[in-house]
Every structure is written in structure tokens, then in C-alpha cells.
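What follows draws every value from the coordinates through simple rules; no lab data is involved. Small disclaimer: the values here were computed from a predicted structure and weren't measured. Cβ sites come from the backbone with ideal geometry, for glycine too, and all protein chains shown count toward neighbours.
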Amino acid sequence: PACIFCQIAARDIPSTAVFADDELYVFPDIHPQAPVHLLIIPKEHILRSVADMAESQTGLLGRMVFRAKLLAEEQGIADQGYRLVFNVRHHGGQEVDHVHLHLLGGQVLGSLVG
Ligand code: 5GP
Ligand code: ZN
């Protein structure tokens, strides 16, 4: 497949698997913006962006958020806090059109909206 995240989930492009199950794959961002910067993706290319989400996909997106919460605990950043980011399309800064959730933490994060 041409999609880089499909190739990562399929292990055609190497990455460190931080978590994997039947549905989700989690790996470190290649250009980390914080001490912890993980990307949580569905293994299958079933959704490009939150902007394309159907109501039937709320379960999937909810499991992505819940996995981020569990990984934040595992990474030791939950107590001090972290940020979850979905960049959406061009103005949102989305560069990879395979839906993904950023988990960022390990330091005080600058904010656009805080
Ligand atoms: P976006 O801007 O689309 O929300 O985020 C895409 C993220 O994917 C970026 O933070 C970028 O650093 C990361 N990324 C792009 N290509 C690769 C890659 O080949 N490997 C890994 N691990 N991360 C990548
Ligand atoms: Zn894909």
C-alpha cells in the first residue's frame, strides 16, 4: 500500500511496537515533539480523518482514546498529565491521511488553546 501508516502497521516499514492488538497499533513518532510522543492508529486503513468519521466508528475512536489513557499510565506520564491530539485535514496540520491519535507528554506542553 502507498499509505505510510498502513506500511508501518503491516511491519513493511520498521518501527518499535509499543502496543498491538487485532485492531490497533502504537509506535513512537519519528519526530517526537515531547519526551513521550506516540501515535495510535487502526491497523486497517478504514478512516482517513476524524472529518470522515461515521457514527458507527465511535467505538473504534473510543478505543483509541482509551488505549492512549492506558499507555500514558504505562509510560508514567498520567499523574502529571499529557495531551491527546487529532490533527484534522490541512488547516489542522494533518500530514498523514490514515487516522491517528497523538499521545504527548513528559514535559509541560505549550498550548494553542490553553
Ligand atoms: P499529522 O501531522 O498527520 O497529525 O502527524 C503525522 C505524524 O507522523 C508526524 O508527527 C510525523 O512525525 C509522523 N511520521 C511521519 N512519517 C513517519 C514514519 O515513517 N515513522 C514514524 N514513526 N512516524 C512518522
Ligand atoms: Zn493507511
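What the table shows:
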| quantity | calculated |
| --- | --- |
| Breaking point among (1) touching a residue at least 12 places away in the same chain (Cβ under 8 Å); (2) among the charged types (D, E, K, R); (3) exposed (fewer than 11 other Cβ atoms within 10 Å of the Cβ), for Lys43 | (3) |
| Qualifying residue in region 52-67 (condition: acidic (Asp, Glu) and over 15 Å from the mean Cα position of the chain (by Cα)) | yes |
| Some residue of region 42-49 being assigned to a helix (DSSP H, G or I) and away from ligand 1 (no atom under 15 Å from the Cβ) | no |
| Failed criterion for Lys69 (all others in (1) within 16 Å of ligand 1 (Cβ to nearest atom); (2) within 13 Å of Leu39 (Cα to Cα) hold) | (1) |
| Residues located in region 11-29, provided they are surrounded by 11 or more Cβ atoms within 10 Å (Cβ to Cβ) and either free of Cβ contacts under 8 Å to residues at least 24 places away in the same chain or touching a Pro at 6+ places or on another chain (Cβ under 7 Å) (or both) | Arg11, Ile13, Ser15, Ala17, Val18, Ala20, Glu23, Leu24, Tyr25, Phe27, Pro28 |
| Identity of the residue in region 72-91, in a loop (DSSP other than H, G, I, E, B) and touching a residue at least 40 places away in the same chain (Cβ under 8 Å), that ends up nearest to ligand 2 (Cβ to nearest atom) | Arg89 |
| Residue list for region 16-40, restricted to those being among the small types (Gly, Ala, Ser) and farther than 28 Å from Ser111 by Cβ | Ala17, Ala20 |
